[in-house]
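All of the numbers you see were taken from the coordinates with simple rules; none came from a lab. Remember, it's a predicted structure, so these values are computed and weren't measured experimentally. Please note: Cβ atoms are built from the backbone with ideal geometry, for glycine as well, and neighbour counts cover all protein chains shown.
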Amino acid sequence: MVYKEGTKFIESQTPEKLAAVALKYVEKEREVAVLTEHLAGVNMPEEEKEKIIELLEAGGARTALSLL
């Protein structure tokens, strides 16, 4: 999480909630991986598909956390 999101993201979490956020983050990373796998099999232009996958991998887990 620190590697992908940076120290500012970690520091912005309260110590009491950090463990719960970390567990949710891992859960959301798995969801992003599943979505990415499903998307890989979709019949659409490769350039668009790759861009969507790139966006999901870059910010999917953190964005999913904010949707809670």
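Per-structure values
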read-out	value
Tally of residues being surrounded by 14 or more Cβ atoms within 10 Å (Cβ to Cβ) and over 13 Å from the mean Cα position of the chain (by Cα) across segment 19-68	2
Given (1) farther than 15 Å from S66 by Cβ; (2) among the polar types (S, T, N, Q); (3) over 12 Å from the mean Cα position of the chain (by Cα), number of the condition Q13 does not satisfy	(1)
In segment 1-18, the residues that are in contact with a Lys or Arg (Cβ under 9 Å, 6 or more places away or on another chain) and surrounded by fewer than 10 Cβ atoms within 10 Å (Cβ to Cβ)	none
Candidate set: segment 2-40, residues that are assigned to a helix (DSSP H, G or I) and small (G, A, S); chosen: the one nearest to G59 (Cα to Cα)	A33
